[in-house]
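A short worksheet on the structure shown next.
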Amino acid sequence: NRRKKDDNILEIPSIPNPFPELCCSPFASVLSASLLPKATSRKKQVIKVYSEDDTSRALEVPNDITARDVCQLLILKNHYIDDHSWTLFEQLTHTGLGRAIEDHELVMEVQSNWVMEEETKLCFRKNYAKYEFFKNPLNFFPDHMISFPSETNAALSHSGILQMFLSSSTYPEIHGYLHAKEQGKKSWKKLYFLLRRSGLYFSTKGTSKEPRHLQFFCEFSNSDMYMSLTGKKIYGAPTNYGFCFKPNKSGGTRDLKQLCADDEQSRTCWMTAIRLLKYGMQLYQNYMQPYHGRSGCSPLNLTPMRSISENSLVAMDFSGHRSRIIENPTEALSVAVEEGLAWRRRGCLRLNSHGSPVAMSNMGMSIHRSQSWFHHKISREEAQRLILQHGLVDGVFLVRDSQSNPKTFVLTLSHGLKIKHFQIVPLEDDGKLFYTLDDGHTRFTDLIQLVEFYQLNKGVLPCKLKHYCARIAL
């Protein structure tokens, strides 16, 4: 009987449905797919980010968030000015290694390479040299370290060098001497190295470039490049200009391939060329498009802003009916001094009713302590480390207390890929205290006035003060 009923059902002619979109399978959901939550919704994890003053902040972020998106999130949460120099750093505390995570790298992938035994953390700070080689490539690749293909004209222009580095068919050869730490030993050996598209090689016979004399040292697809911050102390490196290659998910320091240059210019050249070799056009896209909003951290496409330190600062006179730019440095200095004195007179009047006049007399000696560029009682080595971490771009600076002379201060400044120190000496004239960098020829009533003047005028310094190193708090 059941079989007969089925046959009867099958014999009924099928009637076409005039409204197929209103019908659905009995097994299908009644809700539209657009109303359902996506099955591939991004999972979220909590990461911890540190700042220069060791404060930290926990962030809940999606798995596919990039380093640039994390920086944008912290910029928005802390109301910082976005000048495209904020960077996320990976710091290996025990091994003394660190690197700037590229803007396009996924943070979760970086963390997945961490080894449990290592104390590793993410740091948020500025790196002014991140894309500086796109602006001034000739400063990063000295003539004695770079060779071009034979068919290329040796005298390349600014854009020509960049095109060669970013091209997939041609690549300049970087060559020079480096100290290499022998695997499994404490000794270092000076060898002649060559960087080619296929990897990094060293010559077993002097400076010979013949294939039979070249031995493979490292390739970069499965490893990351780190700067050695304390290589001389921990690894016995011959100089302070070390860098190394750490394989992904390595077992520890025994797998590091360590190198050491003779000077900062050489190290910068090698590390910049290797970055371009590994990432190529991706770096250029990061530089040209500061923010894509890929992970959706920012609800709005914010207009890029520049920090005040990067703007063209000029002295202005607003005393007349129309404002004017003060072009004469002597006049600018006298106006700045007068403004400083007027500000102090107003402060004295306020203190007469609310505070102590004695406290105001000492204010000029301590007013600089509230400034972001002032670092209280740090050593010369610590100052150099801070400048190095913020990038060896001309004009990166900080002011600190002098350790050799407690009454003086030191201006630490980056110029020409070198870190220089200038002593700020206090002078007393007619019962008044002044500060000077040039033996009293130019005098300032406090350090704030001094810094603001050298942001406008080069004076006795090799360059103007542009970017200050600050210990930010999260």
Ignoring ligands, DNA and RNA, what accessible area per residue does segment 43-126 give at 1.4 Å, in Å²?
41
Tabulate in residue order the Karplus-calculated ³J(HN,Hα) for segment 373-385, using 6.51 cos²θ - 1.76 cosθ + 1.60 with θ = phi - 60°, rounded to whole Hz; enter x for Gly and Pro.
7, 9, 10, 7, 6, 9, 7, 4, 5, 5, 5, 5, 5
Partner lysines for Lys458 [C-alpha distance under 29 Å; skip if fewer than 8 residues away on the same chain]
Lys126, Lys130, Lys135, Lys377, Lys407, Lys418, Lys420, Lys432, Lys466
How large is the accessible surface per residue of segment 367-473, computed with a 1.4 Å probe and reported in Å² as a whole number?
46
Rounded FRET efficiency, nearest 0.05, which uses the C-beta distance separating Asn136 from Asp429 and R0 of 41 Å
0.45
In terms of Cα to Cα distance under 25 Å, which lysines are near enough to Lys205, apart from those fewer than 8 places away along the same chain?
Lys181, Lys185, Lys186, Lys189, Lys190, Lys257
Sequence-distant aspartates and glutamates (8 or more away, or on other chains) whose Cα lies within less than 19 Å of Lys278
Glu90, Glu102, Asp103, Glu105, Glu109, Glu132, Glu173, Glu219, Asp224
Heads up, segment 168-233 by the C-alpha gyration tensor (a ≥ b ≥ c square roots of eigenvalues; a/c under 1.5 rounded, else a/b over b/c prolate, else oblate) looks oblate
Normalized C-alpha radius of gyration of segment 367-473, against 2.2 N^0.38 Å?
1.01
Where the Cα atoms of segment 43-126 are projected onto their three principal axes, how long is each span, largest first, in whole Å?
35, 30, 21
Mind listing the long-range amide H neighbours of Phe217? Cut-off is under 5 Å, sequence gap 5 or more, other chains count too, H placed in the peptide plane at 1.01 Å from N.
Leu200, Tyr201, Phe202
Can you give the extra length, in nm with one decimal, that the chain gains between Glu381 and Arg324 once fully stretched, where that is 0.36 nm per residue apart less the Cα-Cα distance?
16.2 nm
Carbon plus sulfur fraction of accessible area for segment 367-473, probe 1.4 Å, in percent
46
Can you compute the modelled spin-label distance between Glu109 and Lys186, with each label point 7 Å from Cα toward Cβ, in nm?
3.9
Give the peptides 125-132, 226-233 in descending order of average Cβ contacts within 10 Å, highest first.
125-132, 226-233
Amide hydrogen neighbours beyond the local backbone of Ile101, cut-off 5 Å, H modeled
Leu88, Phe89, Glu90
Can you give me the % of accessible surface on segment 43-126 that is carbon or sulfur? Probe 1.4 Å, all protein chains present, nothing else counted.
49
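The values are calculated or read from the model by the stated rules, or taken from the named source; none is laboratory data. Because the structure is predicted, anything quoted here is derived from the model rather than measured. Here the Cβ is made from the backbone with ideal geometry for all residues, glycine too, and neighbour counts use every protein chain on show. Accessible surface is based on the protein model in full, side chains and every heavy atom, while ligands, DNA and RNA are left aside. Shrake-Rupley method; radii C 1.70, N 1.55, O 1.52, S 1.80 Å.
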